Amino acid sequence: MENKKSFETVACTICSSGKYLVIYEADYSLEKDRDLAQKFRASGDELLVDQLVKCADCGLIFINPRLKSSLVTKGYEEGSDEVFVSQAPARELTFSKALKKIERYIPQKGTVLDIGTAGGSFLAAAKKRGWRVAGCELNAWMAKWGNTHYGLNIKQGTIFEQHYPAASFDMVTLWDVIEHTPDPAKVVKECYRILKQRGLLVINYPDIGSWIARLMGRKWLFLTSVHLYYFTRETMRNLLERAGFDIFVIKPHIQQLELGYLTKRMHLYSPFFSQCSMLGVNALRLQRKQIPYWLGQTFLIARKRASAARGQIEQMRE
């Protein structure tokens, strides 16, 4: 376990309540990545070791106490991740399919910002489909990889460090990012500010309210110490509505990755099954075979509410 001085206790990001119920006690005997760059790499696979709680007032689930935000940010900024970028072709295919769905709800392709874009696979897919693209990424190595590999202009740093002008994007996306951020409410409020009127916010997140998450319990794949927040459809809707968004599409999100990559990651849950599967996959030369999978990932599209309507709702809540 890290030094206790490295930890902070936080209030609920949605309703600011300090009251919570403990779901899982901390178990630091399970910790395997003490180095922050290793712990917070994009392909990190450390299971949950921190205390998981549920807000007593609004039901949001999150880690509390947790590493201080400055340490979380530092962990994401450093290190490299060759394993993650090895799956770039599969991610490009996933994003291309997702864009086809998104484009049904937008009159024309404009400017899109991808927050936490990692190696830029979404931006590459969007650019191919005619979007004007921009992206920011905390990890310096990942941003450089995306710029070199795809010929992009990914800015290194947080969304708040970029100082984008108000109402400058037609769409903002967060793919597997919102659950990693120290303050999701602050992030979506910034998304509201930089989106044009009626602009779209697209979020993909692991849904702890999904049937598979409930079935697997503490063994759920996405229950990790790098995920600071765990949303259900209800708590996600609450978060976005308070920030001025209306969700109009929400559904399971099917992703694709290579079979060899997926079987290797099974070792966390069953080393024996993982090893046997890898032997079979290697023997059949199926390591690079891309397959769809779903373990609770949820995809949503929300629209920025008109400023006047947002103000009226905020006044009603005061």
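Every read-out reported here was derived from the displayed coordinates using simple, explicitly stated rules and does not represent laboratory data. This is a predicted model, so every value here is computed, not measured. Cβ atoms come from the backbone with ideal geometry, glycine included; neighbour counts cover every protein chain shown.
Annotations
- Separation in nanometres of the label points that stand 7 Å from Cα toward Cβ, at R233 and S80: 4.3 nm
- Theoretical gain in end-to-end length, I247 to R132 [0.36 nm per residue, Cα-Cα removed]: 39.0 nm
- For I23, the amide hydrogen comes within under 5 Å of the amide hydrogens of L52, V53, K54, counting only partners 5 or more places away or on other chains and with H modelled in the peptide plane.
- Under 23 Å of direct C-alpha separation, and excluding same-chain neighbours fewer than eight residues apart, K196 reaches these lysines: K100, K101, K109, K127, K128, K155, K186, K304.
- Measuring r between the beta carbons of R104 and K68 and using R0 = 45 Å, the FRET efficiency lands at 0.60.
- Proxy reagent accessibility, fewest Cβ within 10 Å first, across T73, T13: T73, T13
- Three-way shape label, the range 4-76, alpha-carbon gyration tensor, a/c 1.5: prolate
- Taking each residue as 0.36 nm, the span from A11 to E161 lengthens on full extension beyond its C-alpha to C-alpha distance by 51.6 nm.
- Pairwise FRET efficiency - K97 versus L30, Cβ, R0 = 30 Å, nearest 0.05: 0.25
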